[in-house]
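No value in this document is a laboratory result; all are computed from the given coordinates. A quick note: this is a predicted structure, and the numbers were derived from the prediction, not measured. Virtual Cβ from ideal backbone geometry, glycine too; neighbours counted across all protein chains shown.
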Amino acid sequence: MAEANSYEAILVDRPRDHIQRVTLNRPDKRNALSNILRTEILDALTKADQDPEIHVSILRGAGKCFCAGYDLGGDNRKDQPYYTPGGLGQWPRHVIEGSFTIWDLAKPVIAQVHGYCLAGGSELATACDLVYVAEDAQIGYPPVRLMSPPDMQFHPWLMGMRDAMEHMLTGDSISGIEAARSGFANRAVPAEQLEEFVLDRAERVAKVPTDIQQINKRSVHRAMEIMGVRSAIRSGTEMQALAFQTESFKEYIQEFKKGVSHALNVRDKKFGDYRTKSDD
């Protein structure tokens, strides 16, 4: 059922009837979210939303992980997927508009998460309707350590106050098992079973007619919106922009002049995790 691929940074196939699968295909960059990659993800998902043969989409990552975050080695101010008014907080406001684009699609989108799911990668996953993770996946938002809170501040809505607070105050990662327990994910399964499990779940979702399914999806979102999720996430962009005015951020951003890997090592070395974790 595979079809020809015309994208640069993603692969698109149809592994089963009525199911589209989008694979983030920058494994050498841990599927870091460049603007090209983000543009192609949204293009593939919006086209699927208009295709009567597709009932559900799956997002997954090629290689060792789902997505390690935004591509900090490029200039994300250039060639953004869509226009977002400028000024302070333009980037986080831009990010959440992309998240809400996925949120507002008529057809369900499933995140299939393995390996690292960090920073912007975790935001991409949470924009999806269902999230299934490998038990040994590592999910976190390490930029809270020296940069800012998330662009899309989903933590308290999905994880509750206590888990959200621990996540925000440490930047530590959690396993797939912990992610399912806390509400970030629907379920965690052994890594070797993840692909077939997700395809089976997608197949069950696809059995419901799309005209009914879009109402089912919106009914859950409307309840969350009445409780304030959309307004809260929008207001969180102001906290993110404010963090960029702190002295600690201004000092830290200078480390990027020495290279992205150096800056990330500076951030994580005292915690002894992520890329600085010892194998001993």
Packing rank of 127-135, 33-41, where each peptide gets the mean count of other beta carbons within 10 Å, highest leading: 127-135, 33-41
Rounded to whole angstrom, the alpha-carbon centroid of the stretch 121-151 lies from that of the stretch 238-280 at a distance of 17 Å
Using Cα springs under 10 Å in a Gaussian network model of the chain, which residue among MET168, MET147, MET224 shows the largest mean-square fluctuation? MET224
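For Cα pairs less than 8 Å apart in space and 6+ apart in sequence, what is the mean separation divided by the residue count of the stretch 1-84, i.e. the relative contact order in percent?
It comes to 32 percent, rounded to a whole number.
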List the chymotrypsin sites (Phe, Trp or Tyr not before Pro) within the stretch 34-82 that fall in a DSSP loop (any state other than H, G, I, E or B) and whose Cβ has at most 13 other Cβ atoms within 10 Å. TYR82
Check: C-alpha center the stretch 3-56 vs C-alpha center the stretch 204-231, spacing in Å is 22 Å
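How big is the antiparallel share of DSSP beta bridges in the stretch 1-81, given as a percent to the nearest 5? Please list the in-between numbers first.
Numbers: 5 of 12 bridges.
The answer is about 40 percent antiparallel.
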Quick one: putting +1 on the C-beta of Lys and Arg, -1 on the C-beta of Asp and Glu, what dipole do you get for the stretch 107-218 around its Cα centre, in Debye to the nearest 20? 420 debye
For the stretch 169-225, whose charge dipole is built from +1 on Lys and Arg Cβ atoms and -1 on Asp and Glu Cβ atoms, the candidate among ASN216, GLY171, ALA185 with its Cα farthest towards the positive end is ASN216
Given R₀ = 41 Å, what would the calculated FRET efficiency be for ALA223 paired with LEU11, taking r from the Cβ atoms and rounding to 0.05? 0.75
What order, most packed first, do the peptides 108-119, 153-164 have when packing is the mean number of other Cβ atoms within 10 Å of each residue? 108-119, 153-164
Over the chain: helical MRE at 222 nm, DSSP H runs n ≥ 4 each giving -39500 (n - 2.57), nearest 500: -13500 deg cm²/dmol
Suppose the chain between TYR83 and LYS277 were pulled fully straight at 0.36 nm per residue; how much longer would it get relative to their current alpha carbon spacing? 66.0 nm
Assuming 0.36 nm per residue, please report the length gained on full extension of the stretch GLU255 to MET239 beyond their Cα-Cα distance. 3.5 nm
With unit charges on the beta carbon (Lys/Arg positive, Asp/Glu negative), name the residue among TYR116, GLN245, ALA32 whose Cα is farthest towards the positive pole of the charge dipole of the chain. GLN245
For the stretch 50-138, run through the trypsin sites (Lys or Arg not before Pro) and keep only the ones in DSSP coil with at most 14 other Cβ atoms within 10 Å of their Cβ. LYS64, ARG77, LYS78
So what is the relative contact order of the chain, in percent, for Cα pairs below 8 Å that sit 6 or more residues apart? 17 percent
Can you tell me what share of the DSSP beta bridges in the chain is antiparallel? A percent to the nearest 5 is fine. 25 percent
How big is the dipole moment of the chain about its Cα centre under a simple scheme where the beta carbon of each Lys and Arg is +1, that of each Asp and Glu is -1, and everything else is neutral? Debye, nearest 20, please. 480 debye
Charge dipole (debye, nearest 20) of the stretch 6-134; +1 at Cβ of Lys and Arg, -1 at Cβ of Asp and Glu: 360 debye
Could you derive backbone 3J(HN,Hα) for the stretch 103-118 from the dihedral phi with the Karplus parameters 6.51, -1.76 and 1.60 (θ = phi - 60°), listing whole Hz in sequence and x where the residue is Gly or Pro? 3, 8, 4, 6, 9, x, 10, 10, 8, 10, 10, 9, x, 6, 9, 10
Indicate the gyration tensor shape class of the stretch 167-228 (rounded, prolate or oblate), computed on the Cα atoms with a ≥ b ≥ c the square roots of the eigenvalues: a/c under 1.5 is rounded; otherwise a/b larger than b/c is prolate and the rest oblate. oblate
Under the Karplus relation 6.51 cos²θ - 1.76 cosθ + 1.60, θ = phi - 60°, what is the ordered set of whole-Hz ³J(HN,Hα) values for the stretch 253-260, x standing for Gly and Pro? 5, 5, 5, 5, 5, 8, x, 5
When the charge dipole of the stretch 20-74 is computed with +1 on Lys and Arg Cβ and -1 on Asp and Glu Cβ about the Cα centre, the Cα farthest towards its positive end, among ALA68, LEU45, GLN20, belongs to ALA68
Classified through the alpha carbon gyration tensor (a ≥ b ≥ c as square roots of its eigenvalues; rounded if a/c is under 1.5, else prolate when a/b is larger than b/c, else oblate), the stretch 88-193 comes out oblate
